[in-house]
1. If you go through segment 39-47 one residue at a time, do you hit one that is under 16 Å from the mean Cα position of the chain (by Cα), within 16 Å of the ligand (Cβ to nearest atom) and touching a residue at least 60 places away in the same chain (Cβ under 8 Å)?
2. Test LEU55 against the stated conditions and say whether it is surrounded by 12 or more Cβ atoms within 10 Å (Cβ to Cβ), at pLDDT 95 or above and under 16 Å from LEU93 (Cβ atoms).
3. Residues VAL275, VAL283, VAL270: which one is more than 15 Å from the ligand (Cβ to nearest atom) and surrounded by 14 or more Cβ atoms within 10 Å (Cβ to Cβ)?
4. If you go through segment 208-228 one residue at a time, do you hit one that is within 25 Å of GLN250 (Cβ to Cβ), among the charged types (D, E, K, R) and more than 20 Å from the chain's Cα centre (by Cα)?
5. What number of residues in segment 1-47 are more than 26 Å from GLU99 (Cα to Cα) and either assigned to a loop (DSSP other than H, G, I, E, B) or not acidic (Asp, Glu) (or both)?
6. Suppose we filter segment 144-200 for residues that are modelled with pLDDT of 95 or more, part of a loop (DSSP other than H, G, I, E, B) and under 19 Å from ARG252 (Cα atoms); how many remain?
Amino acid sequence: MQPPKISNRFRRKAGRKAVEARQERAEVKDQVTNGKLYFFDLFSDTRKSISRMKLVDLLQSVPGIGKVRAELILERTKISPSRRIGGVGHRQLELLRQEFLLMKNSPKTGKLLVVSGPSGVGKSTITNHLRSDNRFWISVSVTTRPIRPGEKDGESYHFVTGEKFAEMVTNNEFLEWAEFAGARYGTPKTPVFEALSNGKNVILEIELNGARQVRKNSKDAIFIFIEPPNWEELKIRLINRGTESEHSTQARLDRAKEELSAAAEFDYVVVNHEVERSVSELVSLALR
Ligand code: 5GP
């Protein structure tokens, strides 16, 4: 059988398109190298020339990644060396983000800040001050505890049932999770990695056991412990808060003693005499 005839006009047109696509790819790679475009932005680029680009080629245009490192990243993430940008799935993208976090001096990677300390010490009041500061991103945890008056689902927490929480644990969706005063609390992994790889300094406001889990898995995180000026003050604040049942308040007081004795495990201790001062101490520790 004769192969279909291709007209010269069609051939010229196809040739021009291929040249244009090559130019577009070369431009994009240059922009990634010069820091004008961010690697992860290209996965939402709908141009055919870009979605057909090989992932390994794009990886090599990232400052600090050469041929060997690019291959190593593909090997670790188990992504095929022939994978093209348009064929990279959500899960693979998440693995790539994790790889970028592991890279020292990755240009736009933010810091992971773990803020811990006993319940009632004022952690959320302090971190809430940084919500409008675009250098920071405050993680929103998932919890099974009942919603308090004034709280909004998706803002202070994502409130879920015990079943949903268990499903998220099974699906390995948490960076860390722990039980606290009769409820479960966990940090969803993906938004944290996304924010870090977008250059945000991410704040996790979590209790001691969660902080210990992060310590095990993330060597570069900064651990900050918030301490009350004294025990009496913490006790009064917890009791007067009036948000918890008597049982939950007692559980929190019991846990507070245990948490306070763990302050030495942290990189820094901030004594919360006054919120504004604690906020600026936290910022200077984060940005040093
Ligand atoms: P509360 O019920 O008062 O909002 O929080 C109780 C405790 O759970 C606080 O010490 C808070 O920092 C902690 N917490 C909040 N979210 C998380 C989380 O995602 N993981 C862990 N381990 N602790 C959390």
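The values are calculated or read from the model by the stated rules, or taken from the named source; none is laboratory data. Only a predicted model underlies this, so the values are computations on that prediction, with no experimental measurement involved. Neighbour counts are summed over all protein chains in view; Cβ atoms, including those assigned to glycine, are modelled from backbone coordinates with ideal geometry. Remember, those area values only see protein heavy atoms, side chains included, never the ligands or the DNA or RNA. Shrake-Rupley method; radii C 1.70, N 1.55, O 1.52, S 1.80 Å.
1. No, that holds for no residue.
2. Considered against the rule, which asks whether it is surrounded by 12 or more Cβ atoms within 10 Å (Cβ to Cβ), at pLDDT 95 or above and under 16 Å from LEU93 (Cβ atoms), LEU55 comes out as yes.
3. VAL283
4. Within segment 208-228, one or more residues are within 25 Å of GLN250 (Cβ to Cβ), among the charged types (D, E, K, R) and more than 20 Å from the chain's Cα centre (by Cα).
5. 22
6. So the count comes out to 4.
Rundown of residues vs (1) more than 10 Å from the ligand (Cβ to nearest atom); (2) assigned to a strand (DSSP E or B); (3) outside the structural domain of PHE159 (by TED's automatic domain parsing); (4) crowded, with 19+ Cβ neighbours inside 10 Å, yes/no style:
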| position | (1), (2), (3), (4) |
| --- | --- |
| ALA211 | no, no, no, yes |
| ASP220 | yes, no, no, no |
| PHE225 | yes, yes, no, yes |
| PRO229 | yes, no, no, no |
| LYS235 | yes, no, no, no |
| LEU238 | no, no, no, yes |
| LYS257 | yes, no, no, no |
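Condition check ((1) hydrophobic (A, V, I, L, M, F, W, C); (2) surrounded by fewer than 19 Cβ atoms within 10 Å (Cβ to Cβ)) across all residues:
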position	(1), (2)
PRO118	no, no
ILE138	yes, no
GLY162	no, yes
ALA178	yes, yes
